[in-house]
Amino acid sequence: MEDVLRQTRMQMTLAQKKFICDEAGISIEELNAASEKQLDEIYDMLCEIEIEESISDSELSDRGKLAESLVTLMGNAIAEDMGILDEFDEEAGNQSQMA
């Protein structure tokens, strides 16, 4: 899984990067230099934000939407690296063919 989360930084928008920096209390330079372990901690932080924002009965806030988009981006990269995303896609395709 080496460098999987690092590669997702290239896919992030400036708004997503700024959001991470604001939430984590780090600079863009620190984000760009973050180790895989630090990015894993950032991913965990984003998951917590998404959960926190999803608990309310109201529509997801802008903060929640940004966290959600980043969790999806980073989570898909992890799942693809582990082969889970490919397996899920294959299973979904097989089920739709059977229907």
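Can you work out the Karplus-derived ³J(HN,Hα) for every residue in segment 42-58? Use 6.51 cos²θ - 1.76 cosθ + 1.60 with θ = phi - 60°, whole Hz, and x for glycine or proline.
5, 4, 4, 4, 5, 4, 5, 5, 4, 5, 4, 6, 7, 5, 5, 7, 7
Given Cβ point charges of +1 (Lys, Arg) and -1 (Asp, Glu) and nothing else, what value in debye, to the nearest 20, does the dipole of segment 4-98 about its Cα centre take?
Dipole of segment 4-98, to the nearest 20 debye: 460 debye.
Sorting check: for 38-51, 5-18, which peptide has the highest mean count of neighbouring beta carbons within 10 Å, and how do the rest follow?
Numbers: 38-51: 16.9, 5-18: 13.9.
So the order, starting with the most tightly packed, is 38-51, 5-18.
Laboratory data are not the source of any read-out in this text; all were calculated from the coordinates shown. What you see is a predicted model; the values in this text were computed from it and never measured. Neighbour counts run over all protein chains shown; Cβ positions are idealised from the backbone, glycine included.
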